[in-house]
Amino acid sequence: MNGSDFEYLATLLRNRAGIVLGEDKTYLLETRLMAVARKHGLSAPDQIPCVLRNGCPELEADVIEAMTTNETLFFRDRHPFDALQRDILPELITLREQSRCLRIWSAACSTGQESYSIAMLIRDFFPLLSTWQLEIVATDISPLVLNRARDGLYTNFEVQRGLPVQLLVRHFEQTQDMWRIRSELRRMVTFREFNLLDDPVGLGTFDIIFCRNVLLYFDVQTKRTILERMSQRLRTGGALLLGASETVYGISDAWVPDQQLRAVYRRNARQLLGSIERLMKSAAPETRLQWRAT
Ligand SMILES: C[S@@+](CC[C@H](N)C(=O)[O-])C[C@H]1O[C@@H](n2cnc3c(N)ncnc32)[C@H](O)[C@@H]1O
């Protein structure tokens, strides 16, 4: 693939999905696009840019799909789920005693292992929440992985990765040589297509946001925008969980690390106050007076 074709595809991936592709990734691009080229009747990946330049939305979607990395597993890294069980959920249950409503967002959920790990944990350790209004919203850019997640059907290899055997027996049923997560757990999760480059305002607000192992594919400006938008979607007392190799340091001051919990972030109260002050300054004088009084 020549330099200008690579550049064209790299720009498309950055603009449409936020994915940054270094020049050393030509080989990766060509390998992953081999099957896409075949599917569209092209003899090689280097024919793809020419077809795309003439406009072909199906091919464009397949290129983006092929270039996303969907690697995931149940209870990935374990410690975020320990933090959820021991600290984050018990705190939020106290805080939300009145409203009895909890919303969790698994952003970039891939084939659903992260969202179903959350659902299993809630089922096993927080039976009280079955009487609450609880929603796990799981989103991804890829319709293909979302369909797999909705099916909740996993191979022997997938259920052997991160899932203790007791949980496999309790929460899955065997169908031929696959394992399907039980319907009561599937019902706890709503899967939706959502591109993290878009404003998540339409998804509502959340108490907990899992945004793990996806920011690492984006450039700093994209990470900053996503983190700032997410901070506006988090309810008071909530938490953001990032992947083990991801951080907010040097990227966004909308978040501060939780002093006790690894890879857990809280909304930066100082930054929040600044935003409220700015809002107040721009508001009409009578509204300002009302705010001060409350
Ligand atoms: C490596 S998986 C992470 C899955 C899971 N969060 C975990 O930690 O195991 C990254 C996921 O991010 C999704 N993704 C990539 N770019 C995206 C974007 N712009 N918006 C939403 N999802 C995106 C991919 O489709 C993929 O399923």
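Overview of values
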quantity	calculated
One residue from S183, S231, S252 being crowded, with 17+ Cβ neighbours inside 10 Å and more than 15 Å from the chain's Cα centre (by Cα)	S252
Filter result for the condition that a residue is touching a helix residue (DSSP H, G or I) at 6+ places or on another chain (Cβ under 6 Å) and within 15 Å of the ligand (Cβ to nearest atom), over R14, R32	R32
Matching entry among I226, I208 (being more than 12 Å from the ligand (Cβ to nearest atom) and open to solvent by less than 20 Å² (accessible area, probe 1.4 Å))	I208
Some residue of the range 58-74 being more than 30 Å from G162 (Cβ to Cβ) and hydroxyl-bearing (S, T, Y)	no
Options E114, E60; residue that is of a type in the set (D, E) and either assigned by TED's automatic domain parsing to the domain that holds E158 or open to solvent by less than 10 Å² (accessible area, probe 1.4 Å) (or both)	E114
Pairs where the first residue, in the range 47-63, is within 16 Å of A35 (Cβ to Cβ) and the second is of a type in the set (D, E, K, R) and open to solvent by 50 Å² or more (accessible area, probe 1.4 Å), C-beta under 7 Å, 6+ apart	D62/K39
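Conditions tested, residue by residue: (1) under 28 Å from D199 (Cα atoms); (2) within 16 Å of the ligand (Cβ to nearest atom); (3) out of contact with any strand residue (DSSP E or B) (no Cβ under 9 Å at 6 or more places or on another chain).
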| site | (1), (2), (3) |
| --- | --- |
| D5 | no, no, yes |
| G18 | yes, yes, yes |
| L21 | yes, yes, yes |
| D24 | no, no, yes |
| A44 | no, no, yes |
| V63 | yes, yes, yes |
| L73 | yes, yes, yes |
| R78 | no, yes, yes |
| L89 | yes, no, no |
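The values are calculated or read from the model by the stated rules, or taken from the named source; none is laboratory data. Bear in mind the structure is a predicted one, so any value in this text is a computation, not a measurement. In this analysis, Cβ positions are derived from the backbone assuming ideal geometry, glycine residues included, and neighbour counts consider all displayed protein chains. Calculation scope for accessible area: heavy atoms of the full protein, side chains included, ligands and nucleic acids excluded. Shrake-Rupley method; radii C 1.70, N 1.55, O 1.52, S 1.80 Å.
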